[in-house]
Amino acid sequence: MNIINNAIKKINPNAEFVLRDELNKFDNLDNVSIEWLNGTTPIPKADIEVKMVEVQADYDAKQYQRD
C-alpha cells in the first residue's frame, strides 16, 4: 500500500502527480518529493500527513478482512 498516494487521492481524487522517493518506500513525506502535474493545486504536506494517519487507521481497522 502506498500510503502517500492513497492520502493524496483521498484529499483530491482528481490530483495528478508524481512521487519520487530515493529510498523507494513511499511511507514518509520527508523522503518524498511530489511533482504536481497538469495544473493540480499542490496540497500542503501537513494536510497529506493528517490524511496519511486516517488512511493508515482505516487500513489497520480492516486487517480482519485481509486475514
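Computed from backbone phi, the HN-Hα couplings of the stretch 39-52 come to x, 4, 5, x, 9, x, 4, 4, 5, 5, 4, 4, 5, 4 Hz, rounded to whole numbers (Karplus: 6.51 cos²θ - 1.76 cosθ + 1.60, θ = phi - 60°; Gly and Pro given as x).
Share of carbon and sulfur in the accessible area of the chain stands at 47%, probe radius 1.4 Å.
Rounded to two decimals, what is Rg over Rh for the chain when you use alpha-carbon atoms and the Kirkwood radius?
Working: Rg = 12.5 Å, Rh = 12.5 Å.
Looking at the chain, the ratio lands at 0.99.
Ligands, DNA and RNA aside, LYS45 has an accessible area near 90 Å² when probed at 1.4 Å. Ligands, DNA and RNA aside, VAL55 has an accessible area near 20 Å² when probed at 1.4 Å.
In terms of Cα to Cα distance under 13 Å, which aspartates and glutamates are near enough to LYS51, apart from those fewer than 8 places away along the same chain? Hits, sequence-local ones excluded: ASP27. Accessible area per residue for the chain is 70 Å², calculated with a 1.4 Å probe on protein heavy atoms, without ligands, DNA or RNA.
The values are calculated or read from the model by the stated rules, or taken from the named source; none is laboratory data. Computed from a predicted model, the values in this text were never measured in an experiment. Heavy atoms of the whole protein, side chains included, go into the accessibility calculation; ligands, DNA and RNA do not. Shrake-Rupley method; radii C 1.70, N 1.55, O 1.52, S 1.80 Å.
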